[in-house]
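The values are calculated or read from the model by the stated rules, or taken from the named source; none is laboratory data. Fair warning: this is a prediction, and the values are worked out from it, not measured in the lab. Counting neighbours? That spans all protein chains shown, and the Cβs are built from the backbone with ideal geometry, glycine included. Areas reflect the complete protein model, heavy atoms only, side chains present, ligands, DNA and RNA absent. Shrake-Rupley method; radii C 1.70, N 1.55, O 1.52, S 1.80 Å.
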Amino acid sequence: MNQNLPQVDLCGMTLDSVGADKLLDHVFASLSRGKGLWVVTANLDFVRRFVKDPAARSLYSDADVRVADGMPLVWASHLQGTPLPERVAGASLIRPLCRRAAEGGWRVYLLGGEPVAAKAAADKLVAEFPKLQLAGLSSPWVGAPPTQAELDDVTATLEQSRPDVVLVALGSPKQELLIRALRERMPHVCWIGVGASLSFISGHLRRAPVLVQKLGLEWVHRLWQEPKRLFRRYVLEDLPFAAVLFSRAVAARLAAPAHRPGT
């Protein structure tokens, strides 16, 4: 549990109430103290699993920092009367993180993603930030949860590369299961699960236009690109849960004690 950042509770999940800049301040300040941390960028699907699955609840609760990567979460926080400052999307975090890492001499490793997309993303990031120390990249096959042999292989690769920040692009909950196991072996590293972000950086997947993102409709754009893979999650599972999230947010606001002058 992070004790240094302001927090908001949504459906029982504690989210850190910070924007991208303050999150990166926190990340690099922690690394400067020699302390690693684990950042989860939680979207609506994360919160749904958190509510419905005790194993997912335990998994996401183990992270040091959780931020809202989804406009429904930001809207619900406003409905609840405890507004989050902004959406902090993993895909939008990579470039500013790499910029700061390049300026500070921190080593970044890309773990996961489709091999071709990961290599293309790495090339683009190094071209954009020439001083970036890319510790390495790999796209290993790991299970959910990973086996001991898989953990040993990934650990050996990472220890040889000596990263300060590892961006894990395996999708949830696989990436979180891997991070939870690896962080015990490498406690001085910052771990961030970034899902499909390397494919966005590389251009293998098109990200929605900024206006569509702000309207909270990025999921429609993703669904259009990958309907077979995403239909069940987005339409059959997440859309109904959005109604649950908003209703609980309104109920929480109505149940909150009224503020009285002088109290």
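What's the FRET efficiency of V210 with S32 using the Cβ-Cβ distance as r and R₀ = 51 Å, to the nearest 0.05?
Details: r = 32 Å, r/R0 = 0.63.
After rounding, the FRET efficiency stands at 0.95.
Pulled fully out, how much extra length does the chain show between A149 and E103, if you take 0.36 nm times their separation in residues and subtract their Cα-Cα distance? Before the final figure, lay out the partial values.
Numbers: separation 46, 0.36 × 46 = 16.56 nm, distance 3.59 nm.
Fully extending the segment from A149 to E103 adds 13.0 nm.
How do 81-90, 115-124 rank on mean C-beta neighbours within 10 Å, highest first?
Details: 81-90: 20.2, 115-124: 17.7.
Put in order of decreasing packing, that is 81-90, 115-124.
Using θ = phi - 60° and the Karplus form 6.51 cos²θ - 1.76 cosθ + 1.60, what ³J(HN,Hα) does each residue of the range 99-116 get, whole Hz, x for Gly and Pro?
Using θ = phi - 60°, the values come out as 4, 5, 4, 5, 5, x, x, 8, 9, 10, 10, 9, 10, x, x, 5, x, 5 Hz.
Give me the Kirkwood hydrodynamic radius of the range 88-150, using the inverse of the mean 1/r over all pairs of distinct Cα atoms, in Å to one decimal.
Working: mean 1/r = 0.0785 Å⁻¹.
Result for the range 88-150 stands at 12.7 Å.
Please enumerate, by chain and number, the aspartates and glutamates with C-alpha under 18 Å from the C-alpha of K22, excluding those fewer than 8 residues away in the same chain.
D64, D69, E86, E103
For the chain, what is the mean residue ellipticity at 222 nm derived from helices alone (per DSSP H run of n ≥ 4: -39500 (n - 2.57); sum divided by total residues; nearest 500 deg cm²/dmol)?
Numbers: 13 runs with 136 residues, N = 263.
That comes out to -15500 deg cm²/dmol.
How large is the accessible surface per residue of the chain, computed with a 1.4 Å probe and reported in Å² as a whole number? Kindly include the intermediate steps, with their values, before the conclusion.
Details: 12730 Å² over 263 residues.
Counting only protein heavy atoms, the per-residue value for the chain is 48 Å².
Fully extended, how many nm does the chain gain between H188 and Q160 (0.36 nm per residue separation, minus their Cα-Cα distance)? Mind showing how you got there, number by number?
Details: separation 28, 0.36 × 28 = 10.08 nm, distance 1.44 nm.
Net length gain for the segment: 8.6 nm.
Quote the convex hull volume per residue of the chain, based on C-alpha atoms, as a whole number of Å³.
Values: hull volume 36.1 nm³, N = 263.
Normalising the Cα hull of the chain by residue number yields 137 Å³.
Report, in cubic angstrom per residue, the convex hull volume of the C-alpha atoms of the range 38-194. Each step should come with its number before you reach the end.
Working: hull volume 18.0 nm³, N = 157.
Residue-normalised Cα hull volume stands at 114 Å³.
Please compute, over every Cα-Cα pair in the range 1-100, the percentage with a separation greater than 17 angstrom.
Counting pairs separated by more than 17 Å, the tail of P(r) holds 49 percent.
Based on the Kirkwood radius over alpha-carbon pairs, what value in µm²/s does the Stokes-Einstein equation return for the translational diffusion coefficient of the range 42-84 at 10 °C and 1.306 mPa s? Write down the numbers at each step before the final one.
Details: Rh = 10.8 Å.
Here the translational diffusion coefficient equals 147 µm²/s.
At a 1.4 Å probe, what is the % contribution of carbon and sulfur to the accessible area of the range 118-228? Present the calculation step by step, with values, prior to reporting the outcome.
Numbers: 3290 of 5630 Å².
Accessible surface attributable to carbon and sulfur in the range 118-228 totals 58 percent.
Antiparallel as a % of all DSSP beta bridges within the chain, to the nearest 5? Provide the component values of the computation, followed by the final result.
Working: 4 of 25 bridges.
DSSP beta bridges in the chain are roughly 15 percent antiparallel.
Of the listed peptides 239-248, 196-205, what is their order by residue-averaged count of other C-beta atoms within 10 Å, with the highest listed first? Could you put the intermediate results ahead of the total?
Details: 239-248: 15.1, 196-205: 21.4.
Order by mean packing, descending: 196-205, 239-248.
Could you give the length gained on full extension between E237 and S61, defined as 0.36 nm per residue of separation minus the Cα-Cα distance, in nm? Please report the intermediate quantities before stating the final value.
Numbers: separation 176, 0.36 × 176 = 63.36 nm, distance 2.14 nm.
Taking E237 through S61 to full extension adds about 61.2 nm, to one decimal.
List the residues, sorted by chain then number, that are 5 or more residues from S139 or on another chain and whose placed amide H is less than 5 Å from its amide H.
G112
Hey, rough spin-label estimate for D9 and W224, points 7 angstrom out along Cα→Cβ, what's it come to in nanometres?
Output for this residue pair reads 4.0 nm.
Taking the mean number of other Cβ atoms within 10 Å as a proxy for protection, how do you rank 174-184, 48-58 from highest to lowest?
Details: 174-184: 19.7, 48-58: 15.1.
Averaged packing, sorted descending, gives the order 174-184, 48-58.
With θ set to phi - 60° and the Karplus curve 6.51 cos²θ - 1.76 cosθ + 1.60, what are the ³J(HN,Hα) couplings of the range 80-87 in order, to the nearest whole Hz, using x for Gly and Pro?
6, x, 10, x, 7, x, 5, 6
Determine, from the Cβ-Cβ distance of E86 and F246 and an R0 of 22 Å, the FRET efficiency 1/(1 + (r/R0)^6), rounded to the nearest 0.05.
Working: r = 19 Å, r/R0 = 0.85.
The calculated FRET efficiency here is 0.70.
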